[in-house]
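Here is the structure we will look at.
The values are calculated or read from the model by the stated rules, or taken from the named source; none is laboratory data. Note that the structure is a prediction, hence the values are computed from the model and not measured. Positions of Cβ are generated from backbone atoms using ideal geometry, with glycine treated the same way; all protein chains shown enter the neighbour counts.
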Amino acid sequence: MTSTSTRRRHVLDLDDFSQAEITEVIETTASMKEVLGRSIKQVPALRSKTVVNMFFEESTRTRISFELAAKALSANVVTMSAKGSSVEKGESLLDTMRTLQALGADLIVMRHGEAGAPYYLAEHFNGSVINAGDGRHAHPTQALLDLFTIHERLGQIEGLKVVIVGDILHSRVARSNIWGLTIMGAQVTLCAPPTLLGPPGFWLATWPSLIITSDLAAALAGADVVMTLRLQNERQQAGLLPSLREYSRLFGISAARMALAAPHAIVMHPGPINEGVEIMPDVASSAQSVITDQVTNGVAVRMALLYRLAGG
Amino acid sequence: MTEKQILSADDIRRAVARICHEIAERNGGVRNLVLVGIRRRGVPLAQRIAATLLDFEGIMVPVGLLDITLYRDDLAMRGPAPVVHSTSIPVDITGRVVVLVDDVLYTGRTVRAALDALNDFGRPERIQLAVLIDRGHRELPIRADFVGKNVPTAREERIETKLNEVDQTEDGVFIVR
């Protein structure tokens, strides 16, 4: 059976995904997860394809997860980081890409500190590009693995009440998740202190259905999904927060706060976690936490995307 | 486009019953068997074979389902990537006799992919192949052990199998040209 949508060349953000395509990715991810549960966790689907991971920003889970995904599909996979490459000698992004192209890369997975860098690459590269996080802009594979995890745990996405809590203004994870969740028909609430939220009109201009608030208790009431975000230390240094302790007291997800959400609610975090700041350790390791599922599912989601772009 | 029916619902039922007798006879019973249906229409056929074997032999043979998309070698590079459906093999196949089940045997490439896939799940004592229709035109050295009906076809023709569980219509096999 072929998919309902046309063949996609790049995954740069979720803004150009339809509900049908996300549903197909979720279905394929479930099949990939079955492959990862076998004793031989490898299929020949991308044999002879070359995947290059280009990481210009530090990453543990995303980078390793893409490597494992490419290997599970039998692709040749090479990982390069800016450190130790000719980028340090001043080689431009375009030259680096041309080198990789000449070396036979079929697909580039790119993380970059500058928003838009993967788009620039996609314009010039002959093969496919997957955005593994660009600045504060987008992190589509994280959002898709979050959507898969929600669907896996709760059986649906449409109609769910999802609260995203934390440093939303600086978060590419939040932005891609807002796209994905709204496309799938969830009711999304953004909750943060005003300094980490920005003006509501900024969000409502693109996503008029969002609920935007700084009242955490009201936001959590009856929520099906609580999505926490990493709070970066530099936010406090930039004067956006009086102190981490105050942030934690007002916006950290504790067991008492989780009790405001629906009894079946799940709590998520894209990692790495600042335990005791945005989420309390007992919540992060509770039965409601799906944080380790998110990491596991990340490999299967990336397999589904690599296959979708380079397979068949 | 013309469509000619070559098997009716009753014909299919009888063919499945005969295949079941042959499977039991060839293997001296069904105790060590696992049925594995190739998606999509091999799956309901494998389930029907299991149900019929339960009638005949009083033993419930486990049924697995196999999606071979990730093992295929004949997908066009153009056009949308196929959706990968789930695979589920409920028992360890190592040391058992696996009967692969599909609706139509044609080039043999699907079966080749299925053999590769099965290999990743274990090392069966033996693999046998059961198909409802063998239409010829093999491109690989593969043959079926149990055949519902041999149907000589031209390459331009198409075999269309309708199975109630998948197609929500009455069972039937048709040649379309």
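Summary table below
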read-out: Residue within region A:134-156 that is aliphatic (A, V, I, L, M), part of a loop (DSSP other than H, G, I, E, B) and in contact (Cβ under 8 Å) with a residue 12 or more places away in the chain present; value: no
read-out: Test for residue A:245: is it within 17 Å of residue A:148 (Cα to Cα) and either among the basic types (Lys, Arg) or more than 22 Å from the chain's Cα centre (by Cα) (or both); value: no
read-out: Residue identified as surrounded by 14 or more Cβ atoms within 10 Å (Cβ to Cβ), within 30 Å of residue A:307 (Cα to Cα) and either more than 14 Å from chain A (Cβ to nearest Cβ) or modelled with pLDDT under 95 (or both) among B:115, B:105, B:140; value: B:105
read-out: Subset of region A:42-89 (residues that are free of Cβ contacts under 8 Å to residues at least 40 places away in the same chain, within 21 Å of residue A:123 (Cα to Cα) and assigned to a loop (DSSP other than H, G, I, E, B)); value: A:82
read-out: Which numbered condition residue B:60 misses (of (1) under 18 Å from the mean Cα position of the chain (by Cα); (2) more than 14 Å from every other protein chain (Cβ to nearest Cβ); (3) within 24 Å of residue B:21 (Cα to Cα)); value: (1)
read-out: Check on residue A:12, closer than 29 Å to residue A:272 by Cα and more than 9 Å from chain B (Cβ to nearest Cβ); value: yes
read-out: Residue match in region A:95-104 (condition: touching a His at 6+ places or on another chain (Cβ under 9 Å) and more than 16 Å from residue A:130 (Cα to Cα)); value: yes
read-out: Test result for residue B:11, within 14 Å of chain A (Cβ to nearest Cβ), of a type in the set (Asp, Glu), in a helix (DSSP H, G or I) and touching a residue at least 40 places away in the same chain (Cβ under 8 Å); value: no
read-out: Any hit, region A:170-186, residues being closer than 18 Å to residue A:310 by Cα, in contact with a strand residue (DSSP E or B) (Cβ under 7 Å, 6 or more places away or on another chain) and either of a type in the set (A, V, I, L, M, F, W, C) or crowded, with 17+ Cβ neighbours inside 10 Å (or both); value: no
read-out: Residue list for region A:44-76, restricted to those being among the aliphatic types (A, V, I, L, M), in contact with a Leu (Cβ under 9 Å, 6 or more places away or on another chain) and over 20 Å from residue B:84 (Cα atoms); value: A:51, A:52, A:54
read-out: Condition broken by residue A:98, with the remaining ones in (1) away from chain B (no Cβ under 14 Å); (2) surrounded by fewer than 20 Cβ atoms within 10 Å (Cβ to Cβ); (3) in a loop (DSSP other than H, G, I, E, B) satisfied; value: (3)
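Per-residue answers, yes or no, for (1) assigned to a helix (DSSP H, G or I); (2) surrounded by 22 or more Cβ atoms within 10 Å (Cβ to Cβ); (3) not acidic (Asp, Glu):
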{"residue": "B:18", "(1), (2), (3)": "yes, no, yes"}
{"residue": "B:21", "(1), (2), (3)": "yes, no, yes"}
{"residue": "B:31", "(1), (2), (3)": "no, no, yes"}
{"residue": "B:53", "(1), (2), (3)": "yes, yes, yes"}
{"residue": "B:70", "(1), (2), (3)": "yes, yes, yes"}
{"residue": "B:93", "(1), (2), (3)": "no, no, yes"}
{"residue": "B:99", "(1), (2), (3)": "no, yes, yes"}
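Residue-by-condition table, conditions (1) of a type in the set (Ser, Thr, Tyr); (2) away from every other protein chain (no Cβ under 11 Å); (3) crowded, with 16+ Cβ neighbours inside 10 Å:
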{"position": "A:7", "(1), (2), (3)": "no, no, no"}
{"position": "A:30", "(1), (2), (3)": "no, no, yes"}
{"position": "A:59", "(1), (2), (3)": "yes, yes, yes"}
{"position": "A:68", "(1), (2), (3)": "no, yes, yes"}
{"position": "A:73", "(1), (2), (3)": "no, no, yes"}
{"position": "A:90", "(1), (2), (3)": "no, yes, no"}
